[in-house]
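Undergrad: There's a structure below that I have some questions on.
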């Protein structure tokens with residue numbers, strides 16, 4: 001029984017992170033919570049395969065991600081949805097006071113291809129190392145690095161901001177940055 | 001011209017190292033954290049603790065050998 005409650009508490013503690021990652025993947029709060037629920041059930045069933053002392057969060061993220069992609073495969077055509085929409089959409093314009101609005105950022109994030117979005121979330125937000133992210137996504141460290149880099153460039157392009165200088169100064173430099181990133 | 005800039009930018013990125021790619025000086029890095037922190041602070045619905053309580057009761061875990 002002690003094993004059960006300890007594991008249960010660890011899972012409980014991981015839920016906010018799992019939900020945040022799930023929302024980032026699905027872009028939909030309801031789907032995200034269903035995904036988290038599936039993940040918790042799977043994690044409970046697969047408890048034996050978790051190596052004590054290793055990173056539980058990474059283990060759970062791996063389960064969640066696998067579950068997400070297996071659901072996507074079942075649904076078929078929804079899978080590459082984001083790619084198609086992305087090219088159709090116009091770039092987000094920074095709000096009038098020049099500050100990058102969180103809503104704009106969310107919109108831009110949605111336009112990223114799935115693999116780039118998950119990479120930049122894992123590295124830039126969830127706090128994983130490149131090695132851990134590679135493990136979670138089942139790919140090479142270099143692949144994660146290039147996805148993060150492409151995601152970052154693309155976000156800058158969509159949001160029309162340049163790297164270290166805040167809120168891209170003018171339209172011309174934004175265009176230059178845009179053509180570089182492409 | 002643009003090609004050179006692009007190359008220089010790439011080199012700069014590499015030199016900064018991976019951590020700085022989304023570091024505190026990057027607007028993207030900051031927004032990303034803000035976006036995620038907002039998600040993290042979202043209150044966890046009851047259903048999850050209920051689910052775990054059910055799992056704990058229905059399928060107690062075995063101590064690993």
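Undergrad: How many residues are at pLDDT 80 or above and outside any helix (DSSP H, G or I) when one looks only at the range A:55-103? Spell out the reasoning first.
TA: Let us first name the residues in the range A:55-103 that are at pLDDT 80 or above, namely A:55-75, A:101-103.
Add one more test, that the residue is outside any helix (DSSP H, G or I), and what stays is A:55, A:101.
Here the count works out to 2.
Undergrad: Just a yes or no: is a residue in the range B:57-65 more than 8 Å from chain A (Cβ to nearest Cβ) and at pLDDT below 50? Step through it out loud before you land on a result.
TA: Going through the range B:57-65, the residues more than 8 Å from chain A (Cβ to nearest Cβ) turn out to be B:57-58, B:65.
Within this subset, residues satisfying the condition of being at pLDDT below 50 are B:65.
Yes, because at least one residue in the range B:57-65 is more than 8 Å from chain A (Cβ to nearest Cβ) and at pLDDT below 50.
Undergrad: Does residue B:16 meet the test of being at pLDDT 90 or above and out of contact with any strand residue (DSSP E or B) (no Cβ under 8 Å at 6 or more places or on another chain)? Quick ask: steps written out before the conclusion?
TA: Details: at pLDDT 90 or above: no; out of contact with any strand residue (DSSP E or B) (no Cβ under 8 Å at 6 or more places or on another chain): yes.
Here the answer is no, as residue B:16 does not meet what is asked.
Undergrad: Spot the failing condition for residue A:136; the list is (1) surrounded by 19 or more Cβ atoms within 10 Å (Cβ to Cβ); (2) under 19 Å from residue B:30 (Cα atoms); (3) modelled with pLDDT of 95 or more, and only one is missed.
TA: Here residue A:136 meets the rest and fails (2).
Undergrad: Test residue A:20 against the stated conditions and say whether it is in a helix (DSSP H, G or I), more than 9 Å from chain B (Cβ to nearest Cβ) and buried (at least 17 other Cβ atoms within 10 Å of the Cβ).
TA: On the way: in a helix (DSSP H, G or I): yes; more than 9 Å from chain B (Cβ to nearest Cβ): no; buried (at least 17 other Cβ atoms within 10 Å of the Cβ): yes.
Here the answer is no, as residue A:20 does not meet what is asked.
Undergrad: A follow-up question, please. Being away from every other protein chain (no Cβ under 13 Å) and outside any helix (DSSP H, G or I) is the filter here; which residues of the range A:115-147 pass it?
TA: Scanning the range A:115-147 gives A:138, A:139, A:140.
Residue-wise test of (1) touching a helix residue (DSSP H, G or I) at 6+ places or on another chain (Cβ under 7 Å); (2) facing chain B (nearest Cβ under 7 Å).
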position: A:8; (1), (2): yes, yes
position: A:11; (1), (2): yes, yes
position: A:24; (1), (2): yes, no
position: A:29; (1), (2): yes, no
position: A:34; (1), (2): no, no
position: A:37; (1), (2): yes, yes
position: A:43; (1), (2): yes, no
position: A:47; (1), (2): yes, yes
position: A:52; (1), (2): no, no
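Undergrad: Give the residue that is nearest to residue A:34 (Cα to Cα), with candidates limited to residues of the range B:27-44 that are within 7 Å of another protein chain (Cβ to nearest Cβ) and not in a helix (DSSP H, G or I).
TA: Within the range B:27-44, the match that is nearest to residue A:34 (Cα to Cα) is B:44.
Undergrad: Something else about it: Taking residue A:112 as the residue in question, decide whether it is modelled with pLDDT of 95 or more, within 13 Å of chain B (Cβ to nearest Cβ), buried (at least 17 other Cβ atoms within 10 Å of the Cβ) and not in a helix (DSSP H, G or I). If you could, list the steps in order and put the result at the bottom.
TA: Numbers: modelled with pLDDT of 95 or more: yes; within 13 Å of chain B (Cβ to nearest Cβ): yes; buried (at least 17 other Cβ atoms within 10 Å of the Cβ): yes; not in a helix (DSSP H, G or I): yes.
Considered against the rule, which asks whether it is modelled with pLDDT of 95 or more, within 13 Å of chain B (Cβ to nearest Cβ), buried (at least 17 other Cβ atoms within 10 Å of the Cβ) and not in a helix (DSSP H, G or I), residue A:112 comes out as yes.
The values are calculated or read from the model by the stated rules, or taken from the named source; none is laboratory data. Since the structure is predicted, the reported quantities are computational estimates derived from the model, not experimental observations. With ideal geometry, Cβ positions are generated from the backbone for all residues, glycine too; neighbour counts draw on all protein chains shown.
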